[in-house]
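Since the structure comes first, as C-alpha cells, the remarks are kept for the end.
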Amino acid sequence: MGHFRLLVVGNAVSAYGSYLNMVALNVFVYQVTGSALTAGLFMAVRLITSVLSGFVSGRLVSRYDRKRLMVCADLTQAAALVVLLLAPDGARVALLFALAVGTGACSTLSQVALRSSVPEIVGADLRTRANGLLVTGRSLAMIAGFASAGVVVAEFGYTTAFALDAATFAVSATVLFLLPIRTRADAGAGPADGTAADAAAGTGRWASFALLKAAPLLAVMVAVRAADGLGSSSHNVALPIYSSALDPSHPATFVSQFWATWAIGNIVAQQVCSRRTRKTGWSPGERAFAVGSCVMSAAFIVVFSGLPAVPAAVAALVAGMADGFTEIAYVSRLQAAPDHQRGRLFGLSASAENSGFGLGMIVSAALLESYSPLQVVGAFQGLAIVLCVALLVVLSRGRSLFPHEPPARESGGPAPGREVSAAEGGTS
C-alpha cells in the first residue's frame, strides 16, 4: 500500500487543481465574454464531453497501458492550461472551449483508468481500503480547492490560478510516472490485448451494454448511480438558493458549512470502512450499497427541511458519511469484475453518472423557478430512494430474477489471481 498512498497524494493534488479550476475557469469565462450564456455553454460543453468520453475511455483503458493513459491525461490538461496562459486575449475564447473539451475528456479518462487499476495495484483483497483512501484524498482536495479558489483569484489573479492548476497536473503526472506500479492483470489472468478483450466482452461500441446484459444486477446498480447523479445535481443547484433564503446578508455561510461537514462525513466513512476491512476482511456488497444510497438521499432531503443549524449539520454529516460509503461500495463492486471487462464497466458508469448529473442540473434549475428547494431536492432524491428500494427487492429475489448470478452476500472480494465474471460478485 506504500506506493498506492503516494498515488493517492498525487491524485489529491490534481483533484485540488480540478476543483480550483472549476471555480476559477467558470468565473473567468464570464469575465472574458461578459455573457452568462457563453459561461453556461462552456460548462455544458465540458459536461457533454465527460459523458461522451466515458464510452471511449472504457475502450482505451481496455486496450492500452493505464498508467501511460493517466500520465498523458494529466500532462494534456497541464499543457492546455499553459497554452491558455500564453495565448493572446483575442484567441482565448476559442481556446476556452477547446480546454473544456480537453479537460472533460481527460478527467473522465483518468478516473476510469484509475478505478480500473486499483485491484491490480493493491490486490483484490485491499481494494476497499484503497478506494477509501481515494475518497478521503478527493474530499480533502475538494475542501481545499473550493476554499482557496476565491482567495487565489482575488489576491493573485487568474494567471496564478491557472499556473497553479497546471502545476498540480504536472505533479500528479510525475508521481504516476515514477511509481513502479502494475495497472493491468497478468497475461494469464484473462484477455489482456484489445482484440481479446473485445472478443470476451462483446465487440465495438456495444460491448459495455453487452456486459450489463450479462449481469443485470450491475445494470441496476449503474441505474441507481445515475439517479444519484440526478439527486446530486438537485442539491448542488438548490444549495445557494436555500443558503441565501436562510441568511440573505451572508448567502455563502450555509453552503460553506454544508460542504465542510459533508467532507468530514466522507472522511469518517473511509476510516470506518478501512478499520473494519483491515480487521475482518469485510467489503460492502450490493445490499450495503442500496441501503447506504437510501440513507444518503434521505439525509440530503432532511438538510433542506428548514431544521436549526445543529440538526442540519448532523444531517449533512450523515449525508457525507453515506455518500462516502456508497462510493466505496459501488466502486469496489465494479472492481470485482475481471480486468479485461473492468475498463468498459467504469466507462459506462462514468457516462451514466455524468448524464444523470448534467440532466439534473438543467431540470432542477428550471424547476427551482417555480418550486422550493425542498420540493425539488425531495423529488430528485426521492427517485433515487425508489430505485434503491427496487434494488433491495431485486436482491431479495436474486435467484429467481437473475438465475445466472449468485445471491448477494458480504465478503472480502475475490482472492488475488482469481477471475470473477461480471455476473459474479466478490463483494456481492
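The values are calculated or read from the model by the stated rules, or taken from the named source; none is laboratory data. Computed from a predicted structure; not experimentally measured. Methodologically, a virtual Cβ is constructed for each residue, glycine included, from the backbone with ideal geometry; neighbour enumeration extends over all protein chains shown. To get the accessible areas, we keep the full protein, side chains included, count just its heavy atoms, and leave off ligands, DNA and RNA. Shrake-Rupley method; radii C 1.70, N 1.55, O 1.52, S 1.80 Å.
Values computed for the structure shown
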{"read-out": "Per-region count, region 87-115, residues in contact (Cβ under 8 Å) with a residue 24 or more places away in the chain, aliphatic (A, V, I, L, M) and either out of contact with any Lys or Arg (no Cβ under 7 Å at 6 or more places or on another chain) or under 16 Å from Leu47 (Cβ atoms) (or both)", "value": "9"}
{"read-out": "Any hit, region 67-80, residues being charged (D, E, K, R) and open to solvent by 70 Å² or more (accessible area, probe 1.4 Å)", "value": "yes"}
{"read-out": "Odd one out for Ala336 among (1) outside any loop (DSSP other than H, G, I, E, B); (2) touching an Asp or Glu at 6+ places or on another chain (Cβ under 9 Å)", "value": "(1)"}
{"read-out": "Residues of region 285-296 classified as assigned to a helix (DSSP H, G or I) and surrounded by fewer than 24 Cβ atoms within 10 Å (Cβ to Cβ), total", "value": "6"}
{"read-out": "Cβ-Cβ under 6 Å pairs, at least 6 apart or on other chains, region 11-30 side farther than 12 Å from Val153 by Cα and in contact (Cβ under 8 Å) with a residue 12 or more places away in the chain, far side hydroxyl-bearing (Ser, Thr, Tyr) and open to solvent by less than 20 Å² (accessible area, probe 1.4 Å)", "value": "Val13/Thr168; Val13/Ser172; Ser14/Thr168; Ser14/Ser172; Tyr16/Thr168; Gly17/Thr168"}
{"read-out": "Filter result for Leu140 (under 13 Å from the mean Cα position of the chain (by Cα) and either in contact (Cβ under 8 Å) with a residue 12 or more places away in the chain or closer than 29 Å to Arg333 by Cα (or both))", "value": "no"}
{"read-out": "Selected residue (criterion: farthest from Pro180 (Cα to Cα)) from residues of region 111-138 that are at pLDDT below 90 and of a type in the set (Ser, Thr, Tyr)", "value": "Thr136"}
{"read-out": "Selection from region 297-327 of residues that are out of contact with any Gly (no Cβ under 8 Å at 6 or more places or on another chain) and either within 17 Å of Leu391 (Cβ to Cβ) or crowded, with 24+ Cβ neighbours inside 10 Å (or both)", "value": "Ala298, Val303, Glu327"}
{"read-out": "Test result for Asp125, of a type in the set (D, E, K, R) and open to solvent by 60 Å² or more (accessible area, probe 1.4 Å)", "value": "yes"}
{"read-out": "Boolean, Arg333 is under 22 Å from Val220 (Cβ atoms), open to solvent by less than 10 Å² (accessible area, probe 1.4 Å), under 21 Å from the mean Cα position of the chain (by Cα) and of a type in the set (Lys, Arg)", "value": "yes"}
{"read-out": "Residue list for region 352-378, filter: open to solvent by 30 Å² or more (accessible area, probe 1.4 Å) and under 29 Å from Ser53 (Cα atoms)", "value": "Glu353, Asn354, Ser355, Phe357, Leu359, Met361, Ile362, Val363, Ala365, Ala366, Leu367"}
{"read-out": "Pairs where the first residue, in region 377-396, is small (Gly, Ala, Ser) and the second is open to solvent by 20 Å² or more (accessible area, probe 1.4 Å), C-beta under 6 Å, 6+ apart", "value": "Gly378/Ile301"}
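Yes/no matrix, rows are residues, columns are (1) of a type in the set (Ser, Thr, Tyr); (2) under 22 Å from Ile143 (Cβ atoms); (3) over 20 Å from the mean Cα position of the chain (by Cα); (4) not in a helix (DSSP H, G or I):
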{"position": "Met221", "(1), (2), (3), (4)": "no, no, no, no"}
{"position": "Ser232", "(1), (2), (3), (4)": "yes, yes, no, no"}
{"position": "His235", "(1), (2), (3), (4)": "no, yes, no, no"}
{"position": "Phe258", "(1), (2), (3), (4)": "no, yes, no, no"}
{"position": "Trp262", "(1), (2), (3), (4)": "no, yes, no, no"}
{"position": "Cys273", "(1), (2), (3), (4)": "no, yes, no, no"}
{"position": "Thr277", "(1), (2), (3), (4)": "yes, no, yes, no"}
